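Taking it in order: structure first as structure tokens, then the write-up.
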Amino acid sequence: MTKGGKNLMKRALNAQEVTELLRLRPEDITLAKLKELFAFTKNRNPLFNTNDTFILPAKRLYNEAAVNTTVGRYIFNLFLLTPTLITFTGYINTVMDNSGIGKLEGQLSQLLINDKISVKEFIDYIDKAQWLGFSTNSFISPTLNYELLIPVKEVETKKKELAKKYKKEIAAGDPIIAGKIEKELLDIAKDKVKNNPAMDIYNSGGRGKFGNNYKNTSVMRGAIANNSEPGKYTVSLDNLIDGIPKEEYDAYADIAVSASFGRAIQTRDGGYISKQLAAAFQTIVLGDAGSDCGTKKTVTINLTARNKKQFMYRYVQKGSKFLIMDGDNIDSFTGRRVQLRSPMFCTSEKICSKCAGDLYFKMGIKNVGLLTNRIGTKIMNLALKAFHDTSLRHTRINIEDYIE
């Protein structure tokens, strides 16, 4: 409800509408009020679209300057973030899709770890977010429409051209060529359907993947692994809307086998790995907060914008001292090679605070060895997801990138 995209009709509010909107208090945001604001019914239209725009006056809701915002974003800030959280986040005037929500909740998690907000305040945010999302889903969220389901003509034309160009590779079941064809066709499709209101289903990141759901439904199935002959593939250029050709029934049956195998067998493997790791590492515990074994050995890490969150509250060398990286200074280390204290070189019987970092102490965790079962849990979850997405993906690796 905070999106301000191009897909829905939107308008600028008049002065009276802005005045009425700004009179709302957090306690006024009920399901009945949300339906009045945004729901189409048999008898009347809603007062607003979520992406209708207006100027929010400066310092009205923790915004330093006047901002051009949307009705949906205003309700989001007013209901979810007041009265406490918004004092730290300020008024959020960005698209709150999966990425935006992830960024906000990452910020709130850091506030919680550093005791800036209470556990109750974080729980209240989660409860309100769940209520807001689920209660408005039936009258705000887009649904699939006919135009997003039927194959795009330009895609079908290009597919025939590529089928002729790569006829030999397709017949040989080349998964690399299949991936290349998929990418080219999906790029065309995304450009053609980008203004379809139903694209919010994929763009939001909330449910469904364009490269899996849309691809299989309206573009092509792609490479299908042959379970009876590992390493062999069938390349299907057909999609589910056009139907499965009888010559490929056996390949499509393999998809069901692969999905069921992931859920039935690979989840078992993940669970077993979790138990092995717990048994092997259960005795690994932390020392006291502030402890230091005194080791001078470090590991070299390339700290990037992508991986910096993994190293929050770890100690890095700066001159002759070791400094902790936190939200206030980690950006100053980003984009550099840093010397990181690591449990790999800890000389204490229990892992010292400097080698482990402060995150576990902030979270009240002493038996860190038990956290290794997250590896097995990750494997198990990936196996469960394979039931819904059996797409084949490949990555080009240059071995020289991993050797110094």
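The values are calculated or read from the model by the stated rules, or taken from the named source; none is laboratory data. These numbers were taken from a predicted model, which means no experiment stands behind them. Methodologically, a virtual Cβ is constructed for each residue, glycine included, from the backbone with ideal geometry; neighbour enumeration extends over all protein chains shown.
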Contact list, first residue from region 91-115 and more than 13 Å from Asn77 (Cβ to Cβ), second anywhere and part of a helix (DSSP H, G or I) and among the hydroxyl-bearing types (Ser, Thr, Tyr), beta-carbon distance below 9 Å, six or more apart or interchain, is Glu105/Tyr125; Gln107/Thr89; Leu108/Thr89; Leu108/Tyr125; Leu111/Thr89
Are any residues in region 134-166 part of a helix (DSSP H, G or I), of a type outside the set (A, V, I, L, M, F, W, C) and farther than 18 Å from Asn239 by Cα, and if so, which ones?
Ser135, Thr136, Asn137, Ser138, Lys165
Out of Gly319, Gly294, I need the residue that is modelled with pLDDT under 90 and loosely packed, with under 15 Cβ neighbours inside 10 Å. Which one?
Gly319
Only one of Thr69, Thr89 that is under 21 Å from Arg11 (Cβ atoms) and among the hydroxyl-bearing types (Ser, Thr, Tyr):
Thr69
Do we have any residue at all in region 229-237 that's touching a residue at least 24 places away in the same chain (Cβ under 8 Å), outside any helix (DSSP H, G or I), farther than 22 Å from Ala163 by Cβ and among the hydroxyl-bearing types (Ser, Thr, Tyr)?
no
Failed item, numbered, when Lys246 is tested on (1) farther than 23 Å from Glu147 by Cα; (2) surrounded by 18 or more Cβ atoms within 10 Å (Cβ to Cβ); (3) modelled with pLDDT of 90 or more
(2)
Number of the condition not met by Ile176 [criteria: (1) touching a helix residue (DSSP H, G or I) at 6+ places or on another chain (Cβ under 9 Å); (2) crowded, with 17+ Cβ neighbours inside 10 Å; (3) over 15 Å from Pro151 (Cα atoms); (4) of a type in the set (A, V, I, L, M)]:
(2)
Of all the helices (runs of 4 or more DSSP H) wholly in region 55-118, which have at least 3 residues that are more than 25 Å from Met199 (Cα to Cα)?
86-89, 98-113
Could you say whether any residue in region 332-342 is within 21 Å of Ser109 (Cα to Cα) and modelled with pLDDT of 95 or more?
no
Based on this model, can you work out whether Phe122 counts as over 30 Å from Asp187 (Cβ atoms), of a type outside the set (S, T, N, Q), under 22 Å from the mean Cα position of the chain (by Cα) and not assigned by TED's automatic domain parsing to the domain that holds Asn213?
yes
